[in-house]
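A quick write-up on the structure given underneath.
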Amino acid sequence: MTKSKKIKAYRLGHYAEYLAVIVLSIKGYAIKERRYRSPLGEIDIIAKKGRTTIFCEVKARKDYVTAVESLSEKQRQRISRSAEYYMSHLKMNNANNKIENEIYRCDMILVMPWRWPVHIKNAW
């Protein structure tokens, strides 16, 4: 991949994440983190609604099928491990331990040209 293609892909990724944040905000989610990095990997968006924390992977592709298939099993495992890491550190840093009753799930947001982004809850 040439440098110009990498830059274009990087910009497309930022744009897709921006659209995903807008979609989640409209749906009533509070955005906690963007591009969260842990020693185990990166999570595109961490949001919260009520007592549910969502860890969201954003994929920008030409069509729906390509976008869904672009998330590999290895990526799912990496995101799940990073989500567990985030929740465990949140629990350790919370003085009252109110985090105990919280649940989390892993979602996907698919961004395709000229279409409203698709939010897939509990993608895996």
Between the Cα axis of helix 73-93 and the main Cα principal axis of the chain, the angle (0 to 90°, nearest 10) is 30 degrees
Taking Cα atoms, the helix 3-26 axis meets the longest principal axis of the chain at an angle in degrees (rounded to 10) of 50 degrees
From the cross-link list Lys6/Lys59; Lys3/Lys27; Lys3/Lys121, the entries with a Cα-Cα span beyond 25 Å are Lys3/Lys27; Lys3/Lys121
Computed over segment 3-120, the relative contact order (Cα-Cα under 8 Å, seq sep at least six) in percent reads 26 percent
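Every read-out reported here was derived from the displayed coordinates using simple, explicitly stated rules and does not represent laboratory data. Keep in mind that this is a model prediction, so the values were computed, not measured.
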